[in-house]
1. In segment 1-57, with Lys and Arg counted as +1 and Asp and Glu as -1 at Cβ, which of these residues, L14, P43, V24, has the Cα nearest the positive end of the dipole, that is, farthest along it?
2. Can you give me the three principal axis dimensions of segment 1-85 from its C-alpha atoms, in Å, biggest first?
3. Would you work out the charge dipole size for the chain about its Cα centre, treating the Cβ of every Lys and Arg as +1 and the Cβ of every Asp and Glu as -1, and quote it to the nearest 20 debye?
4. In the neighborhood of E3, defined by Cβ-to-Cβ distances under 9 Å, what is the net charge if each Lys or Arg adds +1 and each Asp or Glu adds -1?
5. Given the convex hull over the Cα atoms of the chain, what projected area results after averaging over all orientations, in nm²?
6. Can you show me the helix-derived [θ] at 222 nm for the chain, built from DSSP H runs with n ≥ 4 at -39,500 (n - 2.57) apiece and divided by the number of residues, rounded to the nearest 500.
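What follows is calculated from the coordinates using simple rules that are stated; it is not laboratory data. What you are looking at is a predicted structure, and each value in this text was computed from that prediction instead of being measured. When we count neighbours, we look across all protein chains shown, and the Cβ atoms used for this are built from the backbone with ideal geometry, even at glycine.
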Amino acid sequence: MSEYWPVTDVLAYLTGSWRVERSVRDLASGAQGSFSGTTVFEPLDDEKGLLHHESGTFVWQDVTRPAERTLRFLADGDGAGRADVRFADGRPFHDLDLTSGRHVTDHPCAADLYRGEFTVRDADHWRTVWRVGGPTKDLLLTTDYTRDTGQDPEHASKRKPGQG
């Protein structure tokens, strides 16, 4: 059995609410932080895709503060297992192809390079690992997503491998 779970329809797979736990490590200084919160994927009104809104609490160097971000996951014409991920203002962020259950992508940002690895574990768990390198950055961000099935307790039992 593969350690990755193929997704045939990425937008259908992501739709809904997810609990989020993120660890942030500065590999140069050894500093560590964390984020805990929720990510909700909701249909966009004006185009085929999802609005991703993440909100929660970020702790860095013993300072706790609210944090949030918004992204747009747009349908990719190459297939339902793919999406074009954009920042809230429409700028390109990265591509996403979960047809094999694993995807690696890059995002250059000024002098920094963000390299992301996406892995799908099953119908209700996926992970991102971003390695950020540049002249002043050496970070590792690991995020685990767990589907919030509180609204539909039978959700997980209805899904089969490869279903979106």
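1. About the Cα centre, the residue reaching furthest to the positive side is V24.
2. Principal-axis extents of the Cα atoms in segment 1-85, largest first: 43, 37, 21 Å.
3. On the way: 20 positive and 27 negative charges, 66 e Å.
It works out to roughly 320 debye.
4. Details: positive: R102, R121; negative: none.
Local net charge: +2.
5. Details: hull surface 42.1 nm².
Reported value for the Cα convex hull: 10.5 nm².
6. Values: 2 runs with 9 residues, N = 164.
-1000 deg cm²/dmol, from helical runs alone.
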